[in-house]
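No value in this document is a laboratory result; all are computed from the given coordinates. Source: prediction; values computed, not measured. Because the Cβ atoms are built from the backbone with ideal geometry, glycine has one as well, and the counts that use them run over all protein chains shown.
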Amino acid sequence: MKSNSRLEAVLAAGKFALTGECGPPRGADPGAVAKKAALLLGSVDAANVTDNQTAVVRMSSMGASLHVKSAGVDPIMQMVCRDRNRIAMQSDILGAASHGISNLLCLSGDHQKFGDHPTAKNVFDLDSIQLIAMVKKMRDEEMFLGGEKIKVAPKLFIGAAENPFAHPLAIRVPRLAKKIAAGADFIQTQCIFNIEQFQKWMKGVTDRGLHEKVFILAGVTPFKSWRAAEYMATKVPGMDVPAALVERMKGAPKEKAKATGVDICVELIEQLREIPGVKGIHLMAIEWEEIVPEIAKRAGLLPRPEVA
């Protein structure tokens, strides 16, 4: 069942897609969301709206997605398994679809011990692969997970995340295959800095023909400083940042650090576009949305294509 997703239309038309990220605020101010969305408008095909990322309480993904949509940007509503059981998930999916939200990214979610409520009880009634399968069942079979018929099924473009750099590396491609089999339509990857390792992962993907079954968007993020680069390299699990990039950031004058980070990001996008099977870029300029148009322009990703 085709959704009303602009992202789906761009990818289905064979165009190279670009998605961004719009993190909800730690408050109820709709203007904070609208401001971020305005910075992305016209530069991306859709924007991820995170779901209490890093297990820190924020405006709900659904609520913020509605503000993003009102601002003219196609939202990708994220849903994590940490905070809801299958009843609440299905309820929120119907609610989002009723408001015309057409993209859903299915995630497990960061453990609550990393957030601002470390003693909170988690749920994890389903994992991310089971969540994907449930959304597909609701969309394609028009059935709730409990077996009852849905009167008006949600039309959703189903997304999932994958990390080509997490250990053990041997399971990364098979895990992707499981998400595709469950019903994922598109994949957004972890931030890519190690092009060589990503190429190895993509070869495994293409050797199994998985790139023909799902749209893969390669994740990138610009460094703001050498300390940010060093932190990602040494403190963030599942992140693979080559020492050469950290040294390049460290060697840049302080006043040129952000510009160097943008240069690196543009170079990475140019390399990723040449890798067979990559159908788009997921640009995560977290709390730096104003840089997205510049990166998109310099990487040759503007103007965004017109689609029916």
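Which ³J(HN,Hα) values, rounded to whole Hz and listed in residue order, are derived for region 200-211 from phi using the Karplus coefficients 6.51, -1.76 and 1.60 in 6.51 cos²θ - 1.76 cosθ + 1.60 with θ = phi - 60°, glycine and proline given as x?
5, 5, 5, 5, x, 5, 6, 4, 9, x, 6, 5
Whole Å is fine, so just give me how far the alpha carbon centre of region 122-174 lies from that of region 249-308.
Centre-to-centre (Cα) distance: 29 Å.
What angle do you read, to the nearest 10 degrees and between 0 and 90, between the alpha-carbon axis of helix 172-182 and the longest principal axis of the chain?
Tilt of helix 172-182: around 30 degrees.
Taking the number of other C-beta atoms within 10 Å as the exposure measure, put Ser225, Ser98 in order starting with the fewest.
Ser98, Ser225
With the cut-off at 32 Å, tell me which of the pairs Lys155/Lys178; Lys15/Lys136; Lys121/Lys200 have Cα atoms farther apart than that.
The pairs that break the limit, which is 32 Å between Cα atoms, are Lys121/Lys200.
Using θ = phi - 60° and the Karplus curve 6.51 cos²θ - 1.76 cosθ + 1.60, what whole-Hz ³J(HN,Hα) does each residue of region 141-152 get, with Gly and Pro shown as x?
For region 141-152, the Karplus-derived couplings read 8, 6, 10, 6, 5, x, x, 7, 6, 8, 5, 10 Hz, x marking Gly and Pro.
So if a site counts as exposed when it's one of the GluC sites (Glu not before Pro), its DSSP state isn't H, G, I, E or B, and it has at most 16 other Cβ atoms within 10 Å, what's the longest stretch of the chain without one?
1-141
DSSP beta bridges in the chain, what fraction antiparallel, as a percent rounded to 5?
Among the beta bridges of the chain, antiparallel pairing accounts for roughly 5 percent.
Compute the separation of the alpha-carbon centres of region 26-67 and region 175-219 and state it in Å as a whole number.
Measuring centre to centre over Cα atoms gives 26 Å.
Determine the dipole magnitude for region 264-308: charges of +1 sit on the beta-carbon of Lys and Arg, -1 on that of Asp and Glu, nothing else is charged, the reference point is the Cα centre, and the result goes in debye to the nearest 20.
220
GNM, the chain, Cα, under 10 Å: largest mean-square fluctuation among Pro168, Pro75, Pro25?
Largest GNM mean-square fluctuation: Pro168.
I need Leu301, Leu7, Leu169, Leu245 ordered by Cβ neighbour count within 10 Å, fewest first.
With the fewest neighbours first, Leu301, Leu7, Leu169, Leu245 line up as Leu169, Leu245, Leu301, Leu7.
Could you give each residue of region 67-72 its phi-based ³J(HN,Hα) in whole Hz, using Karplus coefficients 6.51, -1.76, 1.60 with θ = phi - 60°, and x for Gly or Pro?
5, 5, 4, 4, 7, x
Sum up the charges of everything whose Cβ sits under 15 Å from the Cβ of Gln188, counting Lys and Arg as +1 and Asp and Glu as -1, but leave Gln188 out.
Summing Lys/Arg as +1 and Asp/Glu as -1 gives -3.
Straight-line reach from Lys235: which lysines have Cα under 23 Å away, leaving out those fewer than 8 places along the same chain?
Correct list for Lys235: Lys113, Lys224, Lys250, Lys254, Lys258.
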